[in-house]
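Input: a single structure, listed below in structure tokens.
Rule-based calculations on the coordinates, nothing more; no lab input. Because the structure is predicted, anything quoted here is derived from the model rather than measured. Cβ placement follows ideal geometry from the backbone for every residue including glycine, while neighbour counts extend to all protein chains displayed.
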Amino acid sequence: MKNLLGGKGANLAEMCKLGMPVPAGFTITTDTCVEFYKNNLQFPAELKKEVDEALLKAEAVMNMKFGDKEAPLLISCRSGARSSMPGMMETVLNIGLCADTIPGLIKKTGNPRFVYDAYRRLIMMYSDVVMEKSEGVEPEEGKGIRVQLDKMLHEVKVKKGYKSDTDLSEEDLKNLCDAFKGRVVEVLGKPFPDNAYEQLWGGISAVFKSWNGKRAISYRRIENIPDEWGTAVTVQAMVFGNMGDNSATGVAFSRNPATGENKFYGEWLVNAQGEDVVAGIRTPNPLNESTKNDQNKHLVSLETGMPVVYKELDNIQKGLEKHFRDMQDIEFTIQDGKLWMLQCRTGKRTGLAALNMAMDMLHENLIDEKTAVMRVAPVQLDELLHPILDPKSEQKASLVARGLPAGPGGAVGKIALTSEKAMEYNKLHIKNILVREETNPEDVEGMRAANGILTARGGMTSHAALVARGWGKCCIVGCEGIKINIAKGEVVIDGKTYKEGDVISLNGSKGWVYENAIKMIDATENPRFQEFMKIVDNHRTMGVRTNADTPEDAQNAINFGAQGIGLFRIEHMFYGKNSEAPLAKLRNMILANNTEERIIALNELEPYIREAAKGTLKVMDGKPLTFRLMDPPLHEFVPQTEEKQRELAKEKGMAFEEIKHRIDALHEVNPMMGLRGVRLGIVYPEITETQFRALFEATAELLKEGFHPQLEIMVPLTISVKELKHQKVICDKVHQEVEKKFGVKVDYLYGTMIEIPRATLVADEIAEVAEFFSFGTNDLTQMTFGFSRDDVNAIVNTYVSEKIIPADPFNTLDQHGVGQLVNLGIQLGRTSRPKLKVGVCGEHGGDPASIEFFYKAGMNYVSCSPFRVPVARLAAAQAAIKNAKCDCGCC
Ligand code: PEP
Ligand code: MG
């Protein structure tokens, strides 16, 4: 139902079925939106009749009539996509107020102030959403109609000395409505429509068009929501939280969305409409006594202020959680003491909350193990492993302000006062904190680019809080101690001025702001996390290994649950820590004049390879370790600048010209397609011989010391079985020699990477010799697309924004193209070796969407960087659960 009615429409229908108090209404489907776009922004012909009929039914339930002079029904038009896009699309409220209906509504409610308040809200919202945004009008910064009307409202408040919107009198509001209409004509060149039906169709059209609004598009890009889905429009009778002090509106969660604590949690405002809570215009009151915090402890809770309504709401939230078996995010309105449910949806939550809720609900028997596993998104695990402020350093730091803890973890960075600045910093890899007056959906890209978010206004359910939480980003809202002056590029915190670019630190779990940078540390081992991962592994069938080439990384990966090493890149010992000595030997080998010289250099290099292999094999004792023979082109290991070449010449006691000549001889026009991988071993067999010897000897030594090494040797960049056979002759010879020398039997597997399209096409032949395949999807993507993996970013960015490709194929496997080769390779490989072990060790091995594909392709394991291991474990378990066959035997 969600696909057709959007999340909002579907859940409203569900609440109706459960007998909950929902205002009458109907939903126009997402299909209609798709039609609307196909028809060049025209409504399908039959829509008008269907809307009229549905409206008649809603009128009958509410006992009012849309556009009627005596008992006018007001309605809202709300957006709702299949998957929640909080604040990214438009809503229009109070539709139906016009010269014909206003007197009747005043008579009916006996509350003219309320009617004019609703009318001024309608003019503000409608002129902004329908007349400006949906018409594609792009005003200059600060000149938009909404800003102008807000300013007019503010001026009246200042002139009259009012503190709050609720101080405005009937007369004030009436005059404002007239002034607003005048300004609308002036700015937008046409009058605000004084006809209920014109308003209704304007509203429906604007909601459809907001699917393609800038913020919605950016949000979809970030969240990978397809452009084709479209939004539904729910047209629903209005109920009012702004009818006086016996009316209210609020937003609530059936459990705490930041921590997962099992307490009904939320915010409400008396005499207000929903937008007031979400927009952060007024600081909202707490819902109940037990969830009050430092910022709102002086405010009246709903539990105390309206105990009967609170009880009813509490029962409803319990019922909803039981029904949906998940944490619900609820919007409600109290009109003149009567509770109405406006929305419920599965609530967004931080990674920590997702984990805690999944485990709590499992223990409460609300959900089963599989559901618990599905409840935490793999990317949320990243967040759990995310850094926090070092508590010791935090104790010593100076606290300058407190706000609401809206998004977890810590963040340290330079102050950015605009989204643009945050994006600019991000591009330069400068950590930054986006500091804003209030929450604004237009800031979505800046929020994404920021390392942390701090706002002066807004509550825990404000837009910034919702979005940041969804992303697991550190965020503090409602921090009233900060005053921002964008024009001056500064922010005053606790009386002290900070410039844009000054560094501050945030503790998003507490809501505390510090000046200067505080040290960050990784979140410590969380027992809940361990318990969850155990359950995850119960449901996982595909193995998870890691790409690691040092004992430290290997140990780290084991701690994260890695079951082996899927890729040990031998050449990594020539980069980074302790690489000088082996690199010097390698360079001797590269610069050798002839085979004898090369063998001498290789003999000196061999002990280094042996030691590197042995160290990591020891840590991985009993677990498989795949060593990949040296892969990169040799020129990568020799200096390219004249200065460095001169230094090398001096070091080697050789003439500069001679060194230069030998290095120049290594030059290739397309080195990625040149002398690398197995080709190195074919052209210089002594290079692979040395590596084989080092690996077998390391293994033999460990066997003699009582360890249980599980050696796997992998040949890179293979295109033909003949290459494998060629290298295997050398391998067999060395293997025999080592076994004889050490007097032990050395078991090992001999396999290959599959990373060139040709290899997938002849995989059946390759598998005759290869005992395992590991897909190198980095190179396979490079070679299939013909995209250079090292410098393709600009092209990929444009291709993604032009929708030529859906995503960066180096991050998420191109299932449509490269995926076919992977499937073919596995299929062919297993025709000649049915039990062929298959894995992947390209970057895609840590990407959840790709992992599901690898699972379906029948891989035995994925291999990824140590920090991604938990993410891969969860993604693999979820893939198994999602794609489980039923027990019926029919599928
Ligand atoms: C690959 O190509 O996917 C791979 C793992 O090898 P490398 O990244 O070392 O080329
Ligand atoms: Mg490769």
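For the reader, a short list of remarks on this structure follows.
- Radius of gyration and Dmax over the Cα atoms of the range 30-186, both given in Å: 17.8, 52
- Computed log10 I(q)/I(0) for the range 122-231 at 0.20 Å⁻¹: -1.07, from the Debye equation with unit scatterers placed on every C-alpha and solvent omitted.
- Lysine pairs within the range 703-742, Cα separation less than 20 Å, 8 or more sequence positions apart or different chains: 7
- Compared with the dominant Cα axis of the chain, that is its longest principal axis, helix 112-126 is turned about 40°.
- Set of aspartates and glutamates near Lys263 by C-alpha distance (under 20 Å), chain-local residues within fewer than 8 positions excluded: Glu289, Asp294, Glu303, Glu312, Asp314, Glu321, Asp326, Asp329, Glu331, Asp360, Glu364
- Under the combined filter of DSSP loop state and at most 13 neighbouring Cβ atoms within 10 Å, the range 336-433 retains these GluC sites (Glu not before Pro): Glu364.
- Where only alpha carbons of the chain are counted, the Rg and the Dmax (Å): 32.4, 105
- Distant-in-sequence amide H partners of Phe253 (H built 1.01 Å from N, under 5 Å): Tyr265, Gly266, Ile330
- Charge tally around Gly564: other residues with Cβ under 10 Å, Lys/Arg +1 each, Asp/Glu -1 each, net +1.
- Backbone phi angles across the range 557-570, fed through the Karplus curve with coefficients 6.51, -1.76 and 1.60 (θ = phi - 60°), yield HN-Hα couplings of 5, 4, 4, 7, x, 5, 9, x, 10, x, 7, 10, 8, 4 Hz in residue order; Gly and Pro are listed as x.
- Across the range 1-122, the relative contact order, built from alpha-carbon pairs under 8 Å that are at least six residues apart, equals 24 percent.
- Sorted peptide list for 254-267, 283-296, 729-742, 656-669, criterion being average Cβ within 10 angstrom, highest first: 254-267, 283-296, 729-742, 656-669
- Rh by Kirkwood over Cα pairs, then Stokes-Einstein D for the range 225-339 at 1.002 mPa s and 20 °C, µm²/s: 143
- Between 0 and 90°, nearest 10: helix 307-324 axis offset from the chain longest Cα axis: 40
- Note on the range 520-607: Rg/Rh from C-alpha atoms, Kirkwood Rh, equals 1.21.
- When peptides 689-702, 603-616 are ranked by their average number of other Cβ atoms within 10 Å per residue, the highest-first order is 689-702, 603-616.
- 17 Å Cα-Cα reach of Lys882 towards lysines, excluding residues that sit fewer than 8 places from it in its own chain: Lys370, Lys856
- Within the range 465-517, the GluC sites (Glu not before Pro) that combine a DSSP coil assignment with at most 16 other C-beta atoms in a 10 angstrom radius are Glu480.
- For the range 58-143, the set of trypsin sites (Lys or Arg not before Pro) satisfying both a DSSP loop assignment and a count of at most 14 other C-beta atoms within 10 Å is given as Lys69, Lys143.
- Of the cross-linked pairs Lys174/Lys483; Lys2/Lys318; Lys8/Lys65; Lys108/Lys133, those separated by over 26 Å at the C-alpha level are Lys174/Lys483; Lys108/Lys133.
- Computed helical MRE - 222 nm, the chain, DSSP H runs ≥ 4 contributing -39500 (n - 2.57), nearest 500: -14000 deg cm²/dmol
- Classified by the C-alpha gyration tensor, the range 734-830 has a prolate form. Its axis ratio a/c, with a ≥ b ≥ c, is 1.5 or above, and a/b is larger than b/c.
- Under 5 Å from the amide H of Arg545 lie the amide H atoms of Gln563, Val862, Ser863, Cys864, each residue being 5 or more positions distant or on a separate chain, with H modelled from the backbone and absent for Pro and chain starts.
- Centroid-to-centroid separation of the range 755-812 and the range 373-444 [C-alpha atoms, Å]: 34
- The Cβ shell under 13 Å around Met327 holds other residues with a net charge of +4, Lys and Arg each +1, Asp and Glu each -1.
- Local electrostatic count at Gly839 - Lys and Arg +1, Asp and Glu -1, tallied over other residues with Cβ under 13 Å: 0
- Helix 656-665 axis, angle to the chain major axis (alpha carbon atoms, nearest 10°): 70
- Sequence-ordered 3J(HN,Hα) estimates for the range 340-347 from the Karplus curve with 6.51, -1.76 and 1.60 and θ = phi - 60° stand at 10, 9, 9, 6, 9, 7, 5, x Hz, glycine and proline given as x.
- With both residues required to sit in the chain, DSSP beta bridges show an antiparallel share near 60%.
- Relative contact order (percent, whole number), the range 205-355, Cα cutoff 8 Å, 6+ residue spacing: 25
- Put simply, the Cα atoms of the range 238-288 extend 34, 19, 19 Å along their principal axes, the longest span coming first.
- Vicinal HN-Hα couplings computed from phi for the range 92-98 (Karplus, 6.51 cos²θ - 1.76 cosθ + 1.60; Hz; Gly/Pro x): 10, 10, 6, 5, x, 8, 7
- Tensor-based shape of the range 289-416 (alpha-carbon gyration tensor, a/c under 1.5 rounded, otherwise prolate or oblate): oblate
- Value of relative contact order over the chain, rounded to a whole percent, pairs C-alpha under 8 Å and six or more apart: 9
- Whole-Å distance, taken between Cα centres, linking the range 667-716 and the range 50-100: 71
- Distance between the range 223-300 and the range 507-578 - C-alpha centres, whole angstrom: 37
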